[in-house]
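Note sheet for the following structure.
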Amino acid sequence: MNSNKKWLLILGAVMVILLAISPVHAVTDLEIQASIDKGVAWIAANQNAAGSWGFNNYVGTTGLCLLKLEEYAWEQGIDPLSADYVYSDQVKKGLAYLFTHVQTGGTHEGSIYYSYQCYETGIALMAISASLHPELDSGVSDGAGGTLTYLQVVENAADYLVRAQVQTGTYEGGWRYSLGSTNADNSVSGWTTLGLTYAKNNFGVAVPATTLTKLDKWIDYIQCSVADWSFGGSGYTSPTSSVDMLKTGNLLFQCAMVGDTVGTQRVKDALTYIQTNWNYNSYNFGWHNIPHGIIDYQTTFCMMKGLEAFGIETLDIGGNPNYDWYDEVAGEIVSKQYAAGNWPTDSYGTTYLTTPWALLTLEKTIEIPATFEVEKSADKTTISAGESVTYTFKVKNTGFKDISGVVLTDDKLGVIAGPDSGDDVVMGVLEPGEVWIYTATTTIDTTTTNIATATGCDGGNPVDAESNPVTVTVGDIPVPEFPTLAIPVFIIGALLFAVVARKE
């Protein structure tokens, strides 16, 4: 064999090896969406008759599958409980199943679980809150002859998690499996803090300041210090026990929850850990094992939630300060999906867990729609020049998120002051289903058509809506015409005869 052929063979072998261990990149948006569509269809098709998913840890598994189905609906701008949503029946059955596990008495009152109280309660909170229907009846007894709303179920579950937080000692501020525990770990603590945040963001359930103060102490305790080999990462039950990206993702999310910023030192330290271990070929420390084609899907989800909490879209990986971490993660996840739509079992769970974890990671940002409408009318639509007209504007929140900073502007009248009525609950906030009434009176000299536009903000995104046009016509108001009286000839004749006879 000549030397040129020998080098070509060596180069080819090296290329094969590199291709085998190189991360998958450049997955397209269409490929990601196709993967999500197929995965969601698999979840919907594999629900148990009772409304649950999987074959153990039913509440936690069901909560994750349900969360994915709900968020998939919101991505399309559809209410997951609406008949317009193709998987609404699965969502309703899943929620009904969760409600059968709400504890209404005893030590664990308020919790929602099958096996592990805090773990599964946190996940159930995420799923119920993602319905965005606090007003609905859960069917759970309130102990006084009535039933609890979704909101009351979530409030009671959140209260349980608040009570279950470790109050004193080394583990203060963390959570373990159930109320009364004196130690904690940052896997359970990750799910409880996610559940509390979903309850707060979607249902407006307040997280007590004391809970956040204690959580702040837990973050400081569980993060590896500069002296540790895994500096910046989060341990499991102690700073140096089982440090990995899963728990470091949880740590980042918790940092955001207590008000840290990307400039906070412990946030920077956690990012350093993730960047340093990004290509570590063991999911015990990183998030995947490239040579063996293995991904840890709970890790990708928790890591994603931590990075998403700070809006971090790029990392400093391998000397590239603008490395698109999601591109690589999404590419790897899509490449591992089975033809049926599900994902392989990993070290943390069966396919009933890995599949929603993979899908939730892929669809990392869910924008729940905020929408409103403007209905405009006039008390008169035809007038004489110079007459006054009173317009009425009804601004209604038709979505599922609060809208603040509402400004109503008419293209002929300018900004309309108000509202005159309807702002009854939280002042200055147009809440879901709330209707604000505005009125404006003006004089009109010529035929006029105008529309109104309402603008506002859902907490981060602008929202606007345009009214129907209203035309007021100006002109001579027609005078009613009275019918001509037709007097029969014989009557006229009789009258003439009477007149002549009188003269005679």
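Structure data summary
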{"item": "Rounded to 10°, Cα long-axis angle of helix 117-129 versus longest principal axis of the chain", "result": "30 degrees"}
{"item": "Net +/- balance of residues flanking residue 178 in space, Cβ distance below 15 Å, scoring K and R +1, D and E -1", "result": "-2"}
{"item": "Fraction of alpha-carbon pairs over 30 Å apart in region 140-299 - percent", "result": "21 percent"}
{"item": "Gap separating the Cα centres of region 78-118 and region 404-428, nearest whole Å", "result": "38 Å"}
{"item": "Fully extended contour minus Cα-Cα distance, from residue 364 to residue 446, at 0.36 nm per residue", "result": "24.1 nm"}
{"item": "Percentage relative contact order, the chain, counting C-alpha pairs under 8 Å, at least six apart", "result": "11 percent"}
{"item": "Residue 280-residue 238 FRET efficiency (beta carbon distance; Förster radius 30 Å; 0.05 resolution)", "result": "0.90"}
{"item": "Cβ-defined net charge surrounding residue 417, 14 Å radius [Lys, Arg +1; Asp, Glu -1]", "result": "-3"}
{"item": "Positive minus negative residues near residue 87 (Lys, Arg vs Asp, Glu; Cβ under 13 Å)", "result": "-4"}
{"item": "Rough spin-label spacing in nm, given labels placed 7 Å along Cα→Cβ, for residue 78 and residue 107", "result": "4.4 nm"}
{"item": "Value at 222 nm in deg cm²/dmol, rounded to 500, when DSSP H runs of n ≥ 4 in the chain each add -39,500 (n - 2.57)", "result": "-13000 deg cm²/dmol"}
{"item": "Correct option for log10 I(q)/I(0) by the Debye sum over Cα atoms at q = 0.06, 0.08 Å⁻¹ [calculated from the coordinates] among (1) -0.37, -0.56; (2) -0.25, -0.45; (3) -0.40, -0.61", "result": "(3)"}
{"item": "Candidate lysines - alpha carbon under 20 Å from residue 401, same-chain residues fewer than 8 apart omitted", "result": "68, 200, 364"}
{"item": "310, 393, 55, 301 arranged by Cβ crowding within 10 Å, fewest neighbours leading", "result": "55, 310, 393, 301"}
{"item": "Residue exposure sequence - 413, 251 - by fewest surrounding Cβ within 10 Å", "result": "413, 251"}
{"item": "Neighbour-count ranking [beta-carbon atoms within 10 angstrom, fewest first] of 404, 225", "result": "225, 404"}
{"item": "Radius of gyration and maximum dimension Dmax of region 372-474, Cα, Å", "result": "14.3, 46"}
{"item": "Rounded to 5, the percent of DSSP beta bridges in the chain classed as antiparallel", "result": "95 percent"}
{"item": "Label point distance in nm, residue 421-residue 92, each placed 7 Å from Cα along Cα→Cβ", "result": "3.5 nm"}
{"item": "Residue 453-residue 404 pseudo-label distance in nm [points 7 Å out on the Cα-to-Cβ vector]", "result": "2.3 nm"}
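Here, each number is a calculation from the coordinates, and none is a lab measurement. These numbers come from a predicted model, not from an experiment. Neighbour counts are summed over all protein chains in view; Cβ atoms, including those assigned to glycine, are modelled from backbone coordinates with ideal geometry.
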